[in-house]
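We did not get these values from a lab; they are worked out from the coordinates using the rules stated. Since the structure is predicted, the reported quantities are computational estimates derived from the model, not experimental observations. Cβ placement follows ideal geometry from the backbone for every residue including glycine, while neighbour counts extend to all protein chains displayed.
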């Protein structure tokens, strides 16, 4: 996993956690569930996180990426299931 991807996700988690309206705290751990029954995130918090990640990717790398694209829906396992799977997804997008 790329260190830039982890830095970006950690920064995005910090921003979402700092949001006064957000009652859910996202743990910075590769195994933190972002989606599904084990996740403490609601859909709005997940969208906030993904939008923040996209913005930070552009700010830090100069690349504009769309995290929720066709490949995300075609994947056997959701790239949004955990912090680790999101990191792999970002690595894949940045390597293109």
### Task
Taking just the C-alpha trace of the chain, give me its Rg and Dmax in Å.
12.4, 36
### Task
Take the Cα of residue 37, step 7 Å along the line toward its Cβ, and report every residue of the range 64-89 whose backbone nitrogen sits under 18 Å from that point.
77-78, 81-82
### Query
Percent relative contact order of the range 44-96, based on C-alpha pairs within less than 8 angstrom and at least six residues apart?
25 percent
#### Entry: Cα→Cβ-extended label distance, 7 Å offset, between residue 14 and residue 65, nm
1.9 nm
### Message
I'd like to compare 88-96, 66-74: which one has the highest average count of other Cβ atoms within 10 Å, and what's the full order after that?
### Response
88-96, 66-74
### Message
Between residue 3 and residue 55, what is the label-point separation in nm under the 7 Å Cα-to-beta-carbon projection?
### Response
2.6 nm
